[in-house]
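Colleague: Pasting in a structure now, in structure tokens, and then I'll have a few things to ask.
The values are calculated or read from the model by the stated rules, or taken from the named source; none is laboratory data. Owing to the predicted nature of the structure, the values given are computational and were not obtained by experimental measurement. Positions of Cβ are generated from backbone atoms using ideal geometry, with glycine treated the same way; all protein chains shown enter the neighbour counts. In case anyone asks, the SASA skips ligands and DNA or RNA and just uses the protein heavy atoms, side chains included. Shrake-Rupley method; radii C 1.70, N 1.55, O 1.52, S 1.80 Å.
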Amino acid sequence: MLEAKNLEGWKQKISLVSQNIFLFDSTIEENITFNGMDKNINYEKLHEVCKIVQLNDFIENQQKGFQSIVGENGVRISGGQKQRIGIARALYNASEILIFDEATSALDQQTESIVMKNIIEYSKNLTLIIIAHRLTTLKYCNKIVKVESGGLTEIDGYKALIKKKNKN
């Protein structure tokens, strides 16, 4: 039960990845790991989450790799790269609950499909809450709740959602 006394514990279990990712003027590595001087980086996990979100090719093509500077709020990289860094950050932090609020909206459909499939496979023991307008983002979801002005409608998975949409 969520109460004031255990609120901090709950906050530690949740990562939010929104459409607009905040990045600070530092390296890709630091933006994913939030590395401070006293924090050890798990490089195996860092590489794993970057592979999941399809950042490896981008990082390998940077002159300084993980040490490349993204600029204040990510001005030196694309919106899709910013979003994938944000998702990698959430995966790296190993939160039990991941909330994606239009977190892949800047990705093309092919990249988004690969990234979402990888995330679903990687996070079998996690709770994912995905907010999306693009229906294909929900392709791997087993429960979908549609929010409309009249209330909530629960739909059993992507196939049922598409079937219902095609009826309308």
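Colleague: If I filter the range 80-94 for residues that are of a type in the set (Gly, Ala, Ser) and over 20 Å from Val115 (Cα atoms), do I get at least one hit?
Modeller: No, the range 80-94 contains no residue that is of a type in the set (Gly, Ala, Ser) and over 20 Å from Val115 (Cα atoms).
Colleague: For the range 20-47, which residues satisfy the criterion of being in a helix (DSSP H, G or I), free of Cβ contacts under 8 Å to residues at least 60 places away in the same chain and out of contact with any strand residue (DSSP E or B) (no Cβ under 9 Å at 6 or more places or on another chain)?
Modeller: Start the filter on the range 20-47 by keeping residues that are in a helix (DSSP H, G or I), which leaves 28-33, 43-47.
Subsequent filtering for residues that are free of Cβ contacts under 8 Å to residues at least 60 places away in the same chain retains 28-31, 33, 43-47.
Those that are in a helix (DSSP H, G or I), free of Cβ contacts under 8 Å to residues at least 60 places away in the same chain and out of contact with any strand residue (DSSP E or B) (no Cβ under 9 Å at 6 or more places or on another chain): Glu29, Glu30, Asn31, Thr33, Tyr43, Glu44, Lys45, Leu46, His47.
One line per residue, one yes/no per condition, for (1) part of a helix (DSSP H, G or I); (2) farther than 30 Å from Ile28 by Cβ:
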{"position": "Gln83", "(1), (2)": "yes, no"}
{"position": "Leu91", "(1), (2)": "yes, no"}
{"position": "Phe100", "(1), (2)": "no, no"}
{"position": "Gln110", "(1), (2)": "yes, no"}
{"position": "Lys164", "(1), (2)": "yes, yes"}
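Colleague: Return the residue satisfying two criteria in turn: it lies in the range 133-154 and is in contact with a helix residue (DSSP H, G or I) (Cβ under 8 Å, 6 or more places away or on another chain) and in a loop (DSSP other than H, G, I, E, B), and of such residues it is least open to solvent (accessible area, probe 1.4 Å). Let's see the steps before the verdict.
Modeller: Taking the range 133-154 first, the residues in contact with a helix residue (DSSP H, G or I) (Cβ under 8 Å, 6 or more places away or on another chain) are 134-144, 146.
Now drop any that are not in a loop (DSSP other than H, G, I, E, B), which leaves 134, 139-143.
Numbers: Arg134: 68, Lys139: 97, Tyr140: 80, Cys141: 30, Asn142: 126, Lys143: 114 Å².
If we take residues in the range 133-154 being in contact with a helix residue (DSSP H, G or I) (Cβ under 8 Å, 6 or more places away or on another chain) and in a loop (DSSP other than H, G, I, E, B), then Cys141 is least open to solvent (accessible area, probe 1.4 Å).
Colleague: Please work out which residue is farthest from the chain's Cα centre (by Cα), limiting yourself to the range 16-74 and to residues that are aliphatic (A, V, I, L, M) and open to solvent by 90 Å² or more (accessible area, probe 1.4 Å). Working first, answer last.
Modeller: Keep residues of the range 16-74 that are aliphatic (A, V, I, L, M), which gives 16-17, 21, 23, 28, 32, 37, 41, 46, 49, 52-53, 55, 59, 69-70.
From what is left, the residues that are open to solvent by 90 Å² or more (accessible area, probe 1.4 Å) are 16, 37.
Numbers: Leu16: 8, Met37: 25 Å.
Here the residue is Met37.
Colleague: Check the range 111-118 and report whether any residue there is open to solvent by less than 80 Å² (accessible area, probe 1.4 Å), in contact with a helix residue (DSSP H, G or I) (Cβ under 9 Å, 6 or more places away or on another chain) and modelled with pLDDT under 90.
Modeller: If we filter the range 111-118 for residues that are open to solvent by less than 80 Å² (accessible area, probe 1.4 Å), which is where we start, we get 111-116, 118.
Imposing the further condition that a residue be in contact with a helix residue (DSSP H, G or I) (Cβ under 9 Å, 6 or more places away or on another chain) reduces the set to 111-113, 115-116, 118.
From the residues that got through so far, the ones that are modelled with pLDDT under 90 too are none.
Looking through the range 111-118, none of the residues is open to solvent by less than 80 Å² (accessible area, probe 1.4 Å), in contact with a helix residue (DSSP H, G or I) (Cβ under 9 Å, 6 or more places away or on another chain) and modelled with pLDDT under 90.
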